[in-house]
Amino acid sequence: MRRLIYLDNAASTWPKPPGIADAVKEAITDYGANPGRGSHQLAARAEQTIANTRNRLSQLLGVRDPSNLLFCLNTTHAINLALKGLLREGDHIILTGWEHNAVSRPVEWLKHQLHIEATLISTAENEEWAGRVKQEIRSNTRLIVTIHGSNVTGNTLPIVDIGEVARKHRIYYLVDGAQTTGLLPINLNQLPIDMFAFPGHKSLFGPQGTGGLYVSPHVPLEPIIQGGTGSRSEKLDHPADRPLGFESGTPNTPGIAGLGAGVDFLLKTGVETVYQHEMKLINQLWEGLARIEGINLLSPAPPDLPILSFNIKDVDGIEVAAILDQHYQIAVRAGFHCAALAHQSLGTDNRGAVRVSPGYFNTQKEMEQFLQAIRDISQVF
Ligand code: PMP
């Protein structure tokens, strides 16, 4: 059987670098105890693993005090924590028309349950994002939330400019870093960002079920899940200390161990090296697709990230993905990519689009195989 060509790295990266699965296995077989809940050696070892990953992640992301880095299940969990732990009845927030459902759905929920007001912004050609954000600020605006990079087009938003507007107006700024963490250099100590949500299972090369939220020390975030923290257990009141007050219950120690190995790989390999390789591949794809008749690329120019979406004229994206999977052993993602707003902004019709996202372990030869498959399919239809 031909080797599968996996081009769905924007969902979760695969394969994982060497060392990740071993770290997960070791956490289960060698020290599968509950961290921080006991004074015995195994509990201490599990706790040390979690502290090590937190420290290495802090090093990678420029977090000065690692206790402000909270482990979550995924980006969605991190965004829910940021929104629901900060916003209160009557607050106003600003978000963009490029958000993932991980942002737009909790915002919809907050609108109905907490009477949060939300303004959705887009930009016309030649209009600046920061300027648009500024126009929508109200006296009760508490938070601005934007993606860093789109999971549909692979384009990025100017988070520094937006963050500076937020700072100037004393409004908190939450960034959804799902598609950029591990790919673009991120120094949270220097960026005008108050909260940053990220996945462990995408470009940090960790296992699924891992992610995190950075929260700047001055943000009055409240935990949204109360329970055991392994600290001050004699008290009924839930502690809001970071990080433990935000990580109630037994953590995903094996996942966090694997994430630590992923961060190690990235620190050793270099974020820039990974990015350059993946951008070489996406540029090859963009240029190749642009030359095929009947292809509609959703990004008019090569994207900023190793992600692009397209349609073959008159062919349903889901059908294209199924043919690629079954006849060519190529894995892509079709449909709406959990990003209703982004597809509305792009004006894709009810077919959605085909998304392709190469990763660090893909090759230029595989990109050519993908392009040939698309040439074949577009000729048949
Ligand atoms: N935001 C964006 C921009 C994403 O691409 C994704 C994943 N597709 C998410 C949020 C949700 O990430 P997770 O699966 O880690 O919850």
What do you reckon, is Tyr275 touching a His at 6+ places or on another chain (Cβ under 7 Å) and either assigned to a loop (DSSP other than H, G, I, E, B) or of a type in the set (Phe, Trp, Tyr) (or both)? no
Starting from segment 117-142, keep only residues that are touching a residue at least 12 places away in the same chain (Cβ under 8 Å) and closer than 15 Å to Arg170 by Cα, then list their pairs with residues that are buried (at least 17 other Cβ atoms within 10 Å of the Cβ) and of a type in the set (Phe, Trp, Tyr) whose Cβ atoms are within a distance under 7 Å, requiring at least 6 positions of separation or different chains. Arg142/Tyr172
More than 16 Å from the ligand (Cβ to nearest atom), at pLDDT below 95 and under 18 Å from Arg351 (Cα atoms): does that describe Ile312? yes
Expected output for segment 307-333 (first residue basic (Lys, Arg), partner in a strand (DSSP E or B), Cβ below 7 Å, 6+ apart or cross-chain) is Lys313/Asn296; Arg333/Asp8; Arg333/Arg355
For segment 160-184, which residues satisfy the criterion of being among the β-branched types (Val, Ile, Thr), under 19 Å from the mean Cα position of the chain (by Cα) and away from the ligand (no atom under 13 Å from the Cβ)? Val160, Ile162
Of (1) in contact with a strand residue (DSSP E or B) (Cβ under 8 Å, 6 or more places away or on another chain); (2) free of Cβ contacts under 8 Å to residues at least 40 places away in the same chain, Asn151 satisfies all except one. Which? (2)
Do you know which of the residues in segment 315-348 that are charged (D, E, K, R) and either farther than 30 Å from Leu95 by Cβ or surrounded by fewer than 19 Cβ atoms within 10 Å (Cβ to Cβ) (or both) is nearest to the ligand (Cβ to nearest atom)? Asp325
Just wondering, is there one or more residues in segment 146-164 that are on the phi > 0 side of the Ramachandran plot and of a type outside the set (Lys, Arg)? yes
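The values are calculated or read from the model by the stated rules, or taken from the named source; none is laboratory data. Fair warning: this is a prediction, and the values are worked out from it, not measured in the lab. For neighbour counting, all protein chains shown are included, and Cβ atoms are generated from backbone atoms with ideal geometry for every residue, glycine included.
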